[in-house]
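The structure under discussion appears below in the form of structure tokens.
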């Protein structure tokens, strides 16, 4: 019999199974045909039996079963002697009992040659037999020797192929191990938040370890409990479990955190046997829990779950350990980033204060940093109110995108703000003062800036705009409902280059409804554009924004224009309101205004803004303006959707009451509906009935007028007026 090693190699090569093998069957058929014998076989000897991968002409059941006991064959003699064994008549050469047993298989004459493995050990035999005595010729034996050599070559080929497969398998696993470690070292490098870490963890655990689910739980600041980050990657039947786990509880996560030792469970049953109260998805497989420790401090625990049985080898254990280490480091970096981000946000908030409320103007701004790490940069904006008719606007961009640039920006902004407040001068003079102070105080900052002065002249609608540019991009203006445009005017030398250079002012007029846009270069920079600046996209987006609220315009432009932001962006938008009126409107001399509305649904937004402008000019409090705009939107939308054109809007403001009227040519009364919980509409007149002091419907021969009244100052709400003509409540 072969050695244990040779038997193992045969089994690994697939030669230990009692099944037909086409290659060896062909060789057995070749011997039977060439030697004209009763049968032929290729046998492989195992410790307690022999298998026949090749056979032709054997009696049943041997031909089908391909397995016979060792005492029913002469092949074991060939293997044990490691030499050919040739017998012309077994009855004459063997004891009578053994010969009779072999005769049952039809074996009378026998010739067998060894089949050798890759180490030249006899592991089987190629044999031919006859059911009658036969003298084997030299040619017969030569044929058997040649075919036996072919069988040996096939056995060696199979063993070499298996050996190569095992080597490749080891190489693949080693390569996968190296790639997994490399992937781990790179995967977490860009994580900027806990959500990023969780998502990267799930991706790496799946790609590198084959885990189906992951769970990340972080230690709370008091060190007494764990909180699961989310349910995005946990097994389905475990998502409903509590998100907070006390560290003194009898759970796997708590136990791993207390001991700080990694734990492996082969199945859900194994988890429940040790932790009966743990909520475990029974459809899952093996799982491993890894403690996360940073600077001797417990950060949390990772749970990796497979969807079936899993037995990690030493390579995988190394990857698992590295995964815990890299996750811990990523969480520590995130903590540092978040701490620094909070400091940066505080600094940014201190430098970019809230815009002032300016009667007759609507101001809005946004700042979007390029570096999420610092959240600050050199871009800035500001507005200084000089009096009720004059405001100075400023925007600038100090060279750089880091904390140093932000510090310089803060100093320049403070100086310019002081100059604007204390020196009643033109924008060009203010920029000159700033540039000289920058050089004289040794700041050495370089950058660009625009100073714009808006001034309302007595008896004139709108504002006069005067601006000067220190190397900055030109202002944009949207003229009412018309397309947006760039204001013409040459830019002067940027700040920090030649402080004594001459600076000039440019002028333009802004009518009610016009919107002025000041911005930094990050909004229009486009590397693929011919000039490197894409003004067209900003102009199109500004025009397309239409009657949207001014407060949302700056952020909307940044989102629409910049798909991949590469620089800091600051945007300052200023809209000139309609209807400048005296705030002393009284019952005797109320403010009255009216306008027609186009027959389209976006007219409701236009109506809101027009009403808000008039209320602002009368210094109606912002909280009350918000209520009036809500009700205006509802009654105007109702007229546009359910009434008939033309639609006409009137407003009356005195020192006590605000009255708004909407006329259309339909005589159908508005109805107070009772919409369902999930209905999208139907609540308009409910809101009017709830928030208005009184409301009603006046019918006339050409249609109807829906009106509501609301106090100029907040007071207890009344009910529907007794003399109002009302339609069906809805």
**Request:** Please arrange 709, 12 by counting, for each residue, the other beta carbons lying within 10 Å of its beta carbon, fewest first.
**Result:** 12, 709
**Asked** Which angle from 0 to 90°, rounded to the nearest 10, does the C-alpha axis of helix 194-209 make with the longest principal axis of the chain?
**Response** 20 degrees
**Request:** Relative to the compact-globule scaling 2.2 N^0.38 Å, provide the ratio for the alpha-carbon radius of gyration of the range 191-342.
**Result:** 0.98
**Request:** Compare the peptides 106-117, 276-287, 633-644 by average per-residue count of other Cβ atoms within 10 angstrom and give them in order, highest first.
**Result:** 106-117, 633-644, 276-287
**Prompt:** residue 509 label point, 7 Å along Cα→Cβ, cut-off 15 Å on backbone N: hits in the range 451-467?
**Reply:** 455-466
**Asked** Expressed as a whole number of Å, what is the distance separating the alpha-carbon centroids of the range 157-183 and the range 602-638?
**Response** 73 Å
**Message:** Using only the alpha-carbon atoms, what does the range 181-254 span along each of its principal axes? Please give whole angstrom values in decreasing order.
**Reply:** 36, 28, 18
**Tail weight of P(r) past 23 Å, computed on alpha-carbon pairs of the range 1-151, percent** = 27 percent
**Dmax and Rg, reported as Rg then Dmax, of the range 621-666 (C-alpha, Å)** = 11.8, 34
**Request:** Let me know the volume per residue of the alpha-carbon convex hull for the range 394-448, in Å³.
**Result:** 69 Å³
**Asked** Of 73, 414, 555, how do they rank once you tally other Cβ atoms within 10 Å and put the fewest first?
**Response** 414, 555, 73
**Asked** Could you give the nm distance between label points at residue 231 and residue 82, where each point is 7 Å from its Cα heading toward the beta carbon?
**Response** 7.0 nm
**Request:** Can you tell me the alpha carbon radius of gyration of the range 354-576 divided by the globular rule-of-thumb value 2.2 N^0.38 Å?
**Result:** 0.96
**Item:** Computed over the range 101-182, Cα set: Rg, Dmax in Å
**Value:** 20.9, 71
**Request:** Note the listed values (i) 25.5, 74; (ii) 45.0, 145; (iii) 29.1, 98, then indicate which one is Rg and Dmax of the Cα atoms in Å calculated from this particular structure.
**Result:** (ii)
**Request:** Counting other beta carbons within 10 Å of each Cβ, put 678, 105, 463 in order, fewest first.
**Result:** 678, 105, 463
**Fill in**
Cα convex hull volume per residue for the range 123-226, in Å³, equals 184 Å³
**Message:** Can you tell me, using C-alpha contacts under 8 Å and at least 6 residues apart, the relative contact order of the chain as a whole percent?
**Reply:** 6 percent
**Asked** Just from the alpha-carbon atoms, what are the Rg and Dmax of the range 591-711 in angstroms?
**Response** 13.7, 40
**Message:** Give the separation of the Cα centroids, the range 258-332 to the range 1-79, in Å.
**Reply:** 49 Å
**Fill in**
The alpha-carbon pair-distance distribution computed for the range 39-87, with 5 angstrom bins and whole-percent values, is 5, 20, 34, 25, 13, 3
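Only the coordinates and a few stated rules stand behind these numbers; no lab work does. None of the values given here were measured: they were computed from a predicted structure. Neighbour counts are summed over all protein chains in view; Cβ atoms, including those assigned to glycine, are modelled from backbone coordinates with ideal geometry.
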